[in-house]
Amino acid sequence: MSTGEPTVSIIMNCFNGSRYLRQALDSVVAQTYRNWELIFWDNQSTDDSLLIVQSYKDPRVKIFINDHHTTLYAARNLAVGQVTGSLVAFLDTDDFWEVDKLSQQVPVFIDPEVGLVYGKYWFRDESGDSVYVGPAGDLPTGRILPTLLRSNYVGILTMIVRRSVLQKLDGPFKERYEVIGDTDLVLRVAKGWEIRAIERPVATYRWHDSNDTKIKAVRHAEEWVDWLTDTGRLRAFIDSPGFESRRTMIYKEVARCIVRKKNWEPLKKLYSESQNWSEKVFRVLNVSIYVSIYLVGRGQPKTC
């Protein structure tokens, strides 16, 4: 399509996603912004996912079938390698967009300093009810790395990122991750570029028992420990004003795994990958403090 408007390449990774797939696809086809392509990357599905997507005869829907099953972030990277647009968006098969999502966000990229645009989103439960809108309050915008280190604001289903930005990073997604790769990507983008926000819901996140964030809670904590003990990450972020807040969040998450899951693996990883004895003691002491707080009921662990 030659309209003079930037092409948005939409990445949809699929593995046995037939349950909600049609609603996700319909929300793409219905976009009021018309200059898009859908990179549908099937990761060896065994359900009806391929039959469903093949029923869409729109030439903008481009179907790729992986020759072997990979992790999610490996599949995301492979799909990114197929894009032709200057802007890249992501939509999972169980989520869906508002019809004007792209129309609202694409014009923001007229500012060359902007690397990523995101927005609010609805949370919908399995009954189909849209429960609430998040994140709460005004969304941060600008050079916001310290803010994003303190709290996770950017949902991947709402964001669009410049393809040129992804090309300048050390790989879009770190394939060793299974859960935190989205947040890790956003933090790396925020280090070098401005981020802008749309102050209203542009998508709906479906909350159900198969969400990775629900079934991989311990893995989530282990990956944040990996992030914290990665020397490259430390060099990149340790001087940011928000780094200490992120480190505290990680200690709390490790403590929650101990209290809620009776799982000590994240703490063992945190201990074993410390550089010296003083660091080992410091980290274990901090986690122990939060374990004590949770056990005496001063704070109730909500995740993990």
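Kindly indicate the residue of the range 100-129 that is more than 22 Å from S86 (Cα to Cα), among the acidic types (D, E) and in contact with a Phe, Trp or Tyr (Cβ under 8 Å, 6 or more places away or on another chain) and also modelled with the highest pLDDT among those meeting that condition. Among those that are more than 22 Å from S86 (Cα to Cα), among the acidic types (D, E) and in contact with a Phe, Trp or Tyr (Cβ under 8 Å, 6 or more places away or on another chain), it is D125.
So that you can scan it fast, the table gives a plain yes or no per residue for (1) part of a loop (DSSP other than H, G, I, E, B); (2) of a type in the set (G, A, S):
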residue	(1), (2)
G4	yes, yes
I10	no, no
N16	yes, no
L21	no, no
T32	yes, no
D47	yes, no
L51	no, no
Y56	yes, no
K62	no, no
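Return yes when S49 is small (G, A, S), more than 21 Å from V179 (Cβ to Cβ), surrounded by fewer than 18 Cβ atoms within 10 Å (Cβ to Cβ) and in the same structural domain as Y177 (by TED's automatic domain parsing) and no when it is not. When the stated conditions are applied, S49 does not pass them. Just one of the listed residues (Q54, Q31) is polar (S, T, N, Q) and surrounded by fewer than 18 Cβ atoms within 10 Å (Cβ to Cβ), and it is Q54.
Regarding the range 130-147, can at least one residue be identified that is among the basic types (K, R) and either modelled with pLDDT under 95 or surrounded by 22 or more Cβ atoms within 10 Å (Cβ to Cβ) (or both)? So far as the range 130-147 goes, no, none of its residues is among the basic types (K, R) and either modelled with pLDDT under 95 or surrounded by 22 or more Cβ atoms within 10 Å (Cβ to Cβ) (or both).
Are any residues in the range 73-117 of a type in the set (S, T, N, Q) and either assigned to a loop (DSSP other than H, G, I, E, B) or more than 14 Å from the chain's Cα centre (by Cα) (or both), and if so, which ones? Scanning the range 73-117 gives Q82, T84, S86, T93, S103, Q104, Q105.
Yes or no, residue by residue, for (1) in contact with a helix residue (DSSP H, G or I) (Cβ under 6 Å, 6 or more places away or on another chain); (2) modelled with pLDDT of 90 or more:
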{"residue": "K216", "(1), (2)": "no, no"}
{"residue": "D226", "(1), (2)": "no, yes"}
{"residue": "L234", "(1), (2)": "no, no"}
{"residue": "F243", "(1), (2)": "yes, yes"}
{"residue": "V259", "(1), (2)": "yes, no"}
{"residue": "L270", "(1), (2)": "yes, no"}
{"residue": "S278", "(1), (2)": "no, no"}
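Within the range 161-174, the presence of a residue that is crowded, with 16+ Cβ neighbours inside 10 Å and of a type in the set (G, A, S) is excluded.
Hey, any hits in the range 52-67 for a residue that's at positive phi and in the same structural domain as K174 (by TED's automatic domain parsing)?
Initial filter on the range 52-67 (at positive phi): none.
No: zero hits.
Among the residues of the range 259-289 satisfying the criterion of being in a helix (DSSP H, G or I) and touching a Lys or Arg at 6+ places or on another chain (Cβ under 7 Å), which is surrounded by the most Cβ atoms within 10 Å (Cβ to Cβ)? Quick ask: steps written out before the conclusion?
Within the range 259-289, the subset in a helix (DSSP H, G or I) is 259-261, 265-272, 277-289.
Restricting the remaining residues to those that are touching a Lys or Arg at 6+ places or on another chain (Cβ under 7 Å) gives 270-271.
Values: L270: 25, Y271: 16.
Result: L270.
Evaluating E222 against the criteria (1) modelled with pLDDT of 85 or more; (2) touching a helix residue (DSSP H, G or I) at 6+ places or on another chain (Cβ under 8 Å); (3) in the same structural domain as L145 (by TED's automatic domain parsing) leaves one unmet condition, (3). Residues in the range 99-108 that are touching a residue at least 12 places away in the same chain (Cβ under 8 Å) and surrounded by fewer than 20 Cβ atoms within 10 Å (Cβ to Cβ): V99, D100, S103, Q104, V108.
I'd like the full set of residues that are closer than 20 Å to E175 by Cβ and of a type in the set (F, W, Y), limited to the range 54-99. Answer for the range 54-99, where residues must be closer than 20 Å to E175 by Cβ and of a type in the set (F, W, Y): F64, Y73, F90. Considering only residues that are surrounded by fewer than 16 Cβ atoms within 10 Å (Cβ to Cβ) and not small (G, A, S), look in the range 75-98 and name the one that is farthest from N43 (Cα to Cα). Among those that are surrounded by fewer than 16 Cβ atoms within 10 Å (Cβ to Cβ) and not small (G, A, S), it is T84.
What number of residues within the range 30-50 satisfy the criterion of being more than 21 Å from V202 (Cβ to Cβ), touching a residue at least 24 places away in the same chain (Cβ under 8 Å) and out of contact with any Phe, Trp or Tyr (no Cβ under 6 Å at 6 or more places or on another chain)?
The first filter runs over the range 30-50 and keeps only residues more than 21 Å from V202 (Cβ to Cβ), leaving 41-50.
With touching a residue at least 24 places away in the same chain (Cβ under 8 Å) added as a condition, the list becomes 41-49.
Now restrict to residues that are out of contact with any Phe, Trp or Tyr (no Cβ under 6 Å at 6 or more places or on another chain): 42, 44, 46-49.
Of the residues in that region, 6 qualify.
The values are calculated or read from the model by the stated rules, or taken from the named source; none is laboratory data. As the structure is a prediction and not an experimental result, all values here were calculated from the model. Neighbour counts are summed over all protein chains in view; Cβ atoms, including those assigned to glycine, are modelled from backbone coordinates with ideal geometry.
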